[in-house]
Amino acid sequence: MLPISESHRHADAQQQQPRRRLKLWELDHRFHCLVIGTCLTIDELRRLARKAGISVGAAMSHYELHHSFVQLAGNPVFAARAIHKWLDRKFAAAVKRSSACRNVGELGALWDVASAAGDIAGAFWALVTHALAEGALLERIYGEVHMLSHLAGHSNHSARHELAMLKRRVAELEDVQARSAEAARLRIKDLERRAEVLSERAQRLDVLKRELAAAQAELEMLQNGEALARLRAEKEALATQLEQALARVQAAEREARGWAKLASSTATMHPSPGRPTLVEAPAAAEAPEPMTCLRQCGASGADDCPRPDLCGRRVLYVGGRNRQVAHFRALAARHNGELLHHDGGLSESTTRLAAMIQSVDAVVCPIDCVSHEACLHIKHACKRMAKPFFTLRSASLASFLEALNAVAA
């Protein structure tokens with residue numbers, strides 16, 4: 001094999017032809033691999049193959065494509081001419097800079113500058129085709145570009161290995177990030193729950209503060225005597241109301257005694273057997289019928305017999321007004337009887353009514369102060385137990401006295 005300085009050129013130096021830039025197919029064949037691999041990309045090779053009518057299948061590897069163009073580069077065929085023309089256009093600036101060099105030294109300096117700047121491909125194409133490039137300069141350029149290809153291959157392998165490691169690291173970091181995000185989400189949820197609890201506690205604390213302020217204000221009033229004065233005033237007002245109520249009770253009792261005397265005198269003057277009619281306020285012409293005691297009563301028929309005398313009978317009073325019950329109970333006791341009371345289901349259970357009705361001698365029910373349902377229930381229970389049942393038109397004292405007269409009859 002001839003040295004590069006001799007075999008680089010197909011033109012015979014002895015022919016004394018004018019010196020010009022070399023064509024691709026005129027270069028030493030060792031340079032074809034470096035030119036194709038360094039100065040052209042895979043995409044450019046595929047475009048040149050389509051332009052030259054070279055069949056390039058999708059399954060053809062990059063090496064097979066590169067090798068095909070290296071084989072064509074040594075012959076002045078259309079494909080080689082197309083490659084040469086493509087490279088001249090691609091590296092026109094580098095070719096123009098190299099054309100200004102007048103000797104090998106200037107070419108070497110141009111290579112040094114381009115190599116330091118990283119412009120390897122353009123400077124390589126411009127210098128290997130330059131008419132003055134020969135000898136040691138070509139050997140140097142060839143060796144440096146050849147080693148750069150090895151270093152690029154090693155760098156590419158290292159880069160791929162590092163890329164694979166980085167991909168694994170990215171996957172690991174993504175997994176760590178996902179776990180961290182889930183932990184952060186749970187932490188935020190827990191903090192939100194704690195914030196709600198603290199908010200509720202703060203609201204409760206505000207309520208307690210207001211209650212404490214009210215208690216302190218009341219304590220200050222007690223210490224200042226204002227609350228005591230207010231309680232005394234309330235006590236005096238209640239005492240006044242109690243005196244007025246007692247006066248009304250006494251007046252009602254006097255009225256009841258008057259009605260009782262009137263009923264007794266009327267019964268003596270107009271005797272009539274049978275059950276009396278219950279009315280709220282009987283007129284003078286409608287006096288109650290005479291009352292008789294039970295046969296087993298020891299005072300039966302006596303002139304001094306108290307009338308009406310219940311002779312120990314027990315009477316159940318259902319409904320009415322609760323404030324009257326104590327007075328009605330006392331009135332029944334004065335007439336030798338006992339009064340039991342049930343409010344008709346307002347606050348007491350209606351289940352107690354059956355037992356209470358069973359234990360008494362008669363049942364009295366004012367229809368204006370008890371529900372219709374309760375009244376019907378009591379009526380049916382009395383009918384079932386054969387107990388006398390009296391309905392009153394109102395819950396007044398006069399009506400109650402009439403009921404006692406009817407029970408004692």
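The figures follow:
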item: Total residues in the range 85-123, condition touching a Leu at 6+ places or on another chain (Cβ under 7 Å) and surrounded by 21 or more Cβ atoms within 10 Å (Cβ to Cβ); result: 4
item: Only one of ALA326, ALA333, ALA302 that is modelled with pLDDT under 90, aliphatic (A, V, I, L, M) and surrounded by fewer than 13 Cβ atoms within 10 Å (Cβ to Cβ); result: ALA302
item: Extreme residue, surrounded by the most Cβ atoms within 10 Å (Cβ to Cβ), among residues of the range 357-378 that are at pLDDT 90 or above and out of contact with any helix residue (DSSP H, G or I) (no Cβ under 9 Å at 6 or more places or on another chain); result: VAL360
item: Residue within the range 362-371 that is farther than 27 Å from ALA251 by Cβ and among the acidic types (Asp, Glu) present; result: no
item: Members of the range 27-42 found to be charged (D, E, K, R) and crowded, with 18+ Cβ neighbours inside 10 Å, listed by number; result: ASP28
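The values are calculated or read from the model by the stated rules, or taken from the named source; none is laboratory data. Every value quoted in this text rests on a predicted model; they were computed, and no experiment measured them. Virtual Cβ from ideal backbone geometry, glycine too; neighbours counted across all protein chains shown.
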